[in-house]
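Enquirer: Can you keep this structure in mind? I'll have questions shortly.
Only the coordinates and a few stated rules stand behind these numbers; no lab work does. Because the structure is predicted, anything quoted here is derived from the model rather than measured. Counting neighbours? That spans all protein chains shown, and the Cβs are built from the backbone with ideal geometry, glycine included.
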Amino acid sequence: MRKWTTTIVTTGLAAIAVAGCTSSKKTEGTPVSPPATPGSSSTQTGGGGGAGGPLAGAAFVAAATTAVEKAQTVKVKETMSLLGIPLTANGVAKFDDQTVAADVTSSTPVGPVQVIIVDGDVYVKGLTKGAAGKPWTKNAGESKDIASALKQSDPRLALKMFSDVGTLKPVGTETVNGVSATHYSVTVELAKLAKKFPDLASVFNELIKQGIKTQDVQLWVDSQQRPVRIVTSAEIPNPAKPGSKITSNQTVDFTDWGAPVTIQAPPADQVAN
C-alpha cells in the first residue's frame, strides 16, 4: 500500500508541472472544448476562432516564461482519477532563478500526504508512521522520486512542452476561476517530450512503443499568457495489470499568480531523524 501511495503522490506532484505529459488518444477533426468543469463558463466563439488568434509555440513559451518569472509564485489545484480513485493535490510554489520551493498536500487511499520542499530538502508527512510527536520525515527513502516530481512544480518547466508544437489553435474565450482566458487546443509529440523531460523519458518511450505518439492538451491562458488551466484525458499503462491500460483524467488550475506565499520547513522537533 505504501508503494502504491508513493506512486500516487509522485504522479500528482508531477502532474502539477507536466499535466498532460502522459499520452491520450488523438482526437480527429476540429478541436472542441472538453465538458465544462466547476469554476469555468464558456463564451466559445464559432469556427475555431477566439481572442488572440493562433499562437506560435515558441513565441508563446517565450512570452509566458517571462510573465511567470515576473510573478514568481502561484497556487495550484490538481484533480485526477487513477484506477477509479479520485485524487486531489493542492499547494503553492515559489520559484526564483533555478530554485523551487513548494508545499503540496495530496489525497491518497491512506489519507492526506503533505510534501514540503525548501532549501533542497524534502519533508514528507503521512506516508509513514513516525515516532510520537514526529510526523515528518526528511529526505527519506521515497524522497528522491517525490523531490524529482515536486521540483517540476516550476511552471517554467511545464511551458517547455509547448515550445515545439507549432501552432496553438484557438478554441474560444472563457472564464476560468473568475479570470478571462483564451482556450487553445494543442497537440504535442511524445518523442519531443521525452527529450525535454529525461526523468519521464521511460514512460514516454513505453507509450510510443504501444503506438501512442501524440498528446492532445487543452490549455487556457490569461491576458498575460500565463497558464490558468491545463486539461488532459490520458490513457496510460495499468501498473496493476501489465499489458492493459487505464484512463487518467487530469485538470490542473493555476491561480493567484504573484500573490504572497509562505513556505517553511516543519519545526525541527517534529521531524524524525
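Enquirer: Can you list the residues, at least 5 places off or on another chain, whose amide H is less than 5 Å from the amide H of Asn238, using H built in the peptide plane?
Expert: Sorted by chain and number, the residues that satisfy this are Gly243, Ser244, Lys245, Ile246.
Enquirer: Beyond 21 Å between alpha-carbons counts as too far, so tell me which of Lys125/Lys196; Lys70/Lys196; Lys77/Lys129; Lys213/Lys245; Lys169/Lys213 fall in that bin.
Expert: Beyond 21 Å between Cα atoms: Lys125/Lys196; Lys70/Lys196; Lys77/Lys129.
Enquirer: How large is ³J(HN,Hα) for each residue in the range 186-197, as worked out from phi by the Karplus curve 6.51 cos²θ - 1.76 cosθ + 1.60 (θ = phi - 60°), to whole Hz, x for Gly and Pro?
Expert: 10, 10, 10, 9, 5, 4, 6, 5, 4, 6, 7, 10
Enquirer: Could you work out how far apart the two model spin labels at Ala62 and Asp256 are, taking each label as a point 7 Å from the Cα in the direction of the beta carbon, and quote it in nm?
Expert: Each label point lies 7 Å from its Cα, and together they span 3.3 nm.
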